[in-house]
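What follows draws every value from the coordinates through simple rules; no lab data is involved. Since we're looking at a predicted model, the values are computed, not measured. Glycine also receives a Cβ, built like all others from the backbone with ideal geometry; neighbour counts cover every protein chain displayed.
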Amino acid sequence: MNIAVFASHGGSDLQAIIDGCKSNKINANVVCVISNNGDSMALQRAEKESIPSYHLSAKKCGDEELLATELLKVLSNHSVDMIFLAGYMRMLHVSVLKEYNNRIFNIHPALLPKFGGKGMFGMNVHNAVIAAGEKETGVTIHRVSAEYDSGEIVAQTSVPVEESDTAEILAARVLEREHTFLVEVISDICENKIKLG
Ligand code: GRF
């Protein structure tokens, strides 16, 4: 199974996927890493792992359609079977969603459908969870559709919220759980326990 990972920032989720593949916990390979942010740690992590990495954005390619054409070319060149969005802050063009229908997944640091949708990313999510007085939050992995955070949920796991939590403490606890949960779920996809396509 060939996986393409899209990431905009630190890429700790990307690293968890790469490490899961290297340790054979995931029966797949990360064949390319794509980021809209040329300075992202994700691209640096890919280079360190000798994984082909691409800085592709609408700004760099000219517009959304030209970006989509470039993305589809890269994905095809690497014979990608599955796309995983790990902190990718852009909506994919409809042509990519169609070409990889039901084969694109995203990870969200909350229990969707709560605390999801446009603008709900990063610390915004954890601040909202604490402000709402939730006793638990969690991680959701879902298929990617044309609306933010609204595709079919394929897996969820809960993470406790402690009384004394700040958003930063909670974010760190959720991110740590993400790293193990990612490996479990992507492995299930590769083993056909979660349908692909
Ligand atoms: C994670 O919190 C993930 O849930 C969200 O983006 C973040 C990625 O973190 N989609 P990192 O850049 O992989 O460290």
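By other beta-carbon atoms within 10 Å, ranking His9, His126, His179 with the fewest at the front produces His179, His9, His126. Taking Cβ atoms as reference points and 13 Å as the exclusive limit, the residues near Ala28 contribute a net charge of -1, counting Lys and Arg as +1 and Asp and Glu as -1. For the chain, adding -39500 (n - 2.57) for each run of n ≥ 4 DSSP H residues and dividing by the number of residues yields -11500 deg cm²/dmol at 222 nm. Pairs of Lys residues in the stretch 2-190, spaced 8 or more positions apart or belonging to different chains, with C-alpha separations under 24 angstrom: 14 in total. Between Ala132 and Met1, how many nm apart are label points set 7 Å from Cα along the C-beta direction? Reported label-point gap for Ala132 and Met1 is 2.9 nm.
How do Thr140, Thr157, Thr166 line up, fewest other C-beta atoms within 10 Å first? Ascending Cβ contact count within 10 Å gives the list Thr166, Thr157, Thr140. Extension gain for the segment Ile194 to Ala58, taken as residue separation times 0.36 nm less the Cα-Cα distance, is 45.8 nm to one decimal. Each Lys or Arg adds one and each Asp or Glu subtracts one; over the other residues with Cβ under 15 Å from the Cβ of Phe181, this totals -3. The simple Förster model, with R0 at 25 Å and r as the Cβ-Cβ distance, assigns Gln44 and Ala172 a FRET efficiency of 0.75. For Asp39, Asp13, the sequence from fewest to most other C-beta atoms within 10 Å is Asp39, Asp13. What shape does the chain have by the C-alpha gyration tensor, where a ≥ b ≥ c are the square roots of the eigenvalues, rounded means a/c under 1.5, and otherwise prolate means a/b greater than b/c and oblate the rest? Taking the square roots of the gyration eigenvalues as a ≥ b ≥ c, the chain is prolate. Charges at C-beta only: +1 for Lys and Arg, -1 for Asp and Glu. How large is the resulting dipole of the stretch 1-135 about its Cα centre, in Debye rounded to 20? I would put it at about 260 debye.
For the pair Ser95 and Lys118, a Förster radius of 25 Å applied to the C-beta separation gives a FRET efficiency near 0.75, rounded to the nearest 0.05. Put a dot 7 Å past each Cα toward the Cβ at Glu65 and Glu162; how far apart are the dots in nm? Result: 5.4 nm between the two label points.
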